[in-house]
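A quick write-up on the structure given underneath.
What follows draws every value from the coordinates through simple rules; no lab data is involved. As the structure is a prediction and not an experimental result, all values here were calculated from the model. Backbone-built Cβ (ideal geometry, glycine too); neighbour counts: all protein chains shown.
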Amino acid sequence: MSVLPPDLDAAGFAAFLDDLRAVVGPDWVWSGDEDMHAYRDSFSPVWNTEQERHASAAVAPADVEQVSAIVRVARRHRVPLFPISTGKNFGYGGPSPNVNGSVVIDLKRMNRVLEVNEARAFALVEPGVSYFDLYREIEERGLKLMVDCPDPGWGSPVGNSLDRGVGYTMPHYRDHFGAHCGMEVVLPDGEVMRTGMGAMPGAQTWQEYPYGFGPDPSGLFAQGNFGIVTKMGFRLLPLPEYYRTCLITVPKRRDFVKLVEHVNYLNDSGLISEVEYGSPLRAKMADPQFMALITKVGGVSDAELDAAAEAAGLPCWQVELQFLGPERATWENWLHAKERILADISGAQAIEGEHFALPASQQQLDHPQQPWTSAIKRKRSLGVPSLGEWKIVRDDGHIGFFPVLPRTGEAVFEMQRVLGDAMKEFPTLPPFFNALTTPLMWHTHTFQMVFAPSIRHDDPAHNAISHAAMKKCVEVAAEHGWGDYRAAPIYQDAVADTYSFNNHALRRFHEQLKDAIDPDGIIAPGRGGIWPRRFRA
Amino acid sequence: MIRRDMLKWGALASALAGAPAAALARAGAGLDVLLLDTRFGEGAAVDMGAARVLTFAGDVTRIWYDHLDRAWRQPGFVVGGITGADALFVLETLAQQQGRKVVARNVLAAVDGIAPVSWVIAPVHPSVLA
């Protein structure tokens, strides 16, 4: 489906493309349906409908000078640019823009790992570098560093961090934006700016002290549209010597509250890596009577779930703990966790799992041998990027709503009930929120739950249900103080609308900034729900 | 990409399009490597002529990381495969980033809810044409 940029006719578009070719060469500008297929959001819930967002063209610069020149060309022609690093955050929009007719600025050619410093544990990369690229650099040089990567790992550290993506190792590395340190940005007028210590010529600590002096604007470039990030630094975890896994189970529904408190303590004290909560009772979900219980309107009571657990001979909850560090430290941390939890929760049990020295062998990565059914994905837990996640993607993909909630058992029970009841309106979708739904501990200090209905390219009716359910989830969650942390362009306005304190003061502040530096909306208008004056009108 | 190559790869995909076991014996010529997704049957024993055969079971990580990522950084290199649609989605997306496209594909009958596809990925961008 060919589209034109806003306010531009075919002749103007052709002139604009000619100017782009003059910057990057004729081989690095694309337009037309066949070439632009790669820039569609393959996971779009509005695939092949009038609502689907399409880019008009794509351009791939080789360096920051070309990025700057492209921005100046776009400014002259008033054409919105939509920057992508590798464009693979499917489920969150992939490479497709907020505004129809935007031109994708594809940073894939800027794929240099500029520095990896083992002794000081940081990396500086360009946006086209993928987690695989960074991992390969570290592996081939034999550096004792660990990359905290998302799953799948084909995205870029720059893009994932700027979308506030998450990982699966130690708490402060899982927050990928939080683990960044220093960035270089092309501003909407084409100027090149560096944040933090990078603003000082000759500074030697750009990737070690994030703030420099004065206000730190780096947060504006995450989920924002105030510039195009062309370099970014990251803190890396020194490769731990040892990896240890263990399982704790607790018998009763209400035990989850105490279990969460203990795990929070372990997490916040830096004693554990990511954890996987679960329920052994999931083994009963093929039983229709049991399914009716855990999906009943108004939620399940403690007594009801405890009775079902007792009848099944299973505990209500489990948590898989992972430890990284020196071997003795992982052992002592595990003993501490076990003693602390078993002393406080009656009937809690502990099981020791696999443990081995790092780096792991291919066999250890590919074939975990746990004495329980484990939800841990071994590679991502050890900072090894993988594409295996795609084996679990059914239909043609999925969309995702990940509400942020407090790290308490009570909050988990409330979300199970509230969103479970709200989603009864969509009976053809799986019951993502039920009495066994456990939280994700991807963020450092909050929980998330997951709602990820599938989409099918050949079934618009199914997609419409998923789309409606997503919007309902955002709305109902916000009524209870649970906000989405990340969204595809098609949902960004709805999500931004829920962050409405004091008559949308935050959005109005963002709009003032946008109007001041990018009134024509050259950089990703609409991203993060921030629209410049030109598009608000 | 020139028309002669398109015709060649189209014919190759046709050769790959039948039942996997029968197709394999005719598929070797013109490919640098053939990928077989063992979820749809084992093909290791088949003589593939000049083409190297790499097998995997749904997860393309190792094959892509160890072989394709390196090969796709250089000009040339034609890859064929009989894989799940899920694996092809991953490979196609990665190939696009390195100037390559699926130039032929045939969807086969689904096995356990996953449709195997026979396909050819070839360089199309001037920067990677041989």
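In the stretch B:73-101, which residue that is more than 14 Å from chain A (Cβ to nearest Cβ) and under 24 Å from A:N111 (Cβ atoms) is nearest to the chain's Cα centre (by Cα)?
Once the filter is applied, the top-ranked residue is B:V79.
For the condition without any contact (Cβ under 8 Å) to a residue 24 or more places away in the chain, crowded, with 24+ Cβ neighbours inside 10 Å and more than 14 Å from chain B (Cβ to nearest Cβ), what is the one hit in A:G202, A:G196, A:G233?
None of the others qualify; the one that does is A:G196.
Listed residues A:R112, A:R120, A:R141; which is surrounded by fewer than 22 Cβ atoms within 10 Å (Cβ to Cβ), of a type outside the set (S, T, Y) and farther than 26 Å from A:G388 by Cα?
Every option except A:R120 fails the conditions.
Those residues that are within 14 Å of chain A (Cβ to nearest Cβ), in contact (Cβ under 8 Å) with a residue 24 or more places away in the chain and either within 30 Å of A:I105 (Cβ to Cβ) or among the basic types (K, R) (or both), I need them from the stretch B:102-125; list them, please.
Listed by number, the residues that qualify are B:V103, B:R105, B:I121, B:P123, B:V124, B:H125.
Go through the stretch A:384-403 and count every residue that is outside any helix (DSSP H, G or I), within 14 Å of another protein chain (Cβ to nearest Cβ) and not polar (S, T, N, Q).
9
Restricting the search to the stretch B:55-81, which residues are outside any helix (DSSP H, G or I) and under 16 Å from B:A122 (Cβ atoms)?
Correct list: B:W72, B:R73, B:Q74, B:P75, B:G76, B:F77, B:V78, B:V79, B:G80, B:G81.
Please work out if A:E52 is part of a loop (DSSP other than H, G, I, E, B) and of a type in the set (D, E, K, R).
Judged against the criteria, A:E52 is a match.
What residue, among those in the stretch A:149-159 that are crowded, with 24+ Cβ neighbours inside 10 Å and farther than 13 Å from A:D133 by Cα, is farthest from the other protein chains (Cβ to nearest Cβ)?
Filtering first and then ranking leaves A:P150.
Within the stretch A:434-455, does at least one residue satisfy the condition of being under 22 Å from the mean Cα position of the chain (by Cα), in contact (Cβ under 8 Å) with a residue 12 or more places away in the chain and more than 29 Å from A:P171 (Cα to Cα)?
Yes, the conditions are met somewhere in the stretch A:434-455.
Take the stretch A:311-335 and flag every residue that is assigned to a helix (DSSP H, G or I), in contact (Cβ under 8 Å) with a residue 24 or more places away in the chain and either within 17 Å of A:T249 (Cβ to Cβ) or among the aromatic types (F, W, Y) (or both).
The answer is A:A312, A:W331, A:W334.
Out of B:R70, B:R62, B:R105, which single residue is among the charged types (D, E, K, R) and within 10 Å of the chain's Cα centre (by Cα)?
Of the residues listed, the single one that is among the charged types (D, E, K, R) and within 10 Å of the chain's Cα centre (by Cα) is B:R105.
Can you tell me which residues in the stretch A:1-59 are closer than 21 Å to A:H467 by Cα, surrounded by fewer than 18 Cβ atoms within 10 Å (Cβ to Cβ) and of a type in the set (S, T, N, Q)?
Listed by number, the residues that qualify are A:N48, A:T49, A:Q51.
Can you name the number of the only condition in (1) surrounded by 19 or more Cβ atoms within 10 Å (Cβ to Cβ); (2) not hydrophobic (A, V, I, L, M, F, W, C); (3) not in a helix (DSSP H, G or I) that A:E208 fails?
All conditions pass for A:E208, except number (1).
With respect to A:A464, is the statement that it is hydrophobic (A, V, I, L, M, F, W, C), more than 26 Å from A:V147 (Cα to Cα) and surrounded by fewer than 17 Cβ atoms within 10 Å (Cβ to Cβ) true?
The answer is yes for A:A464.
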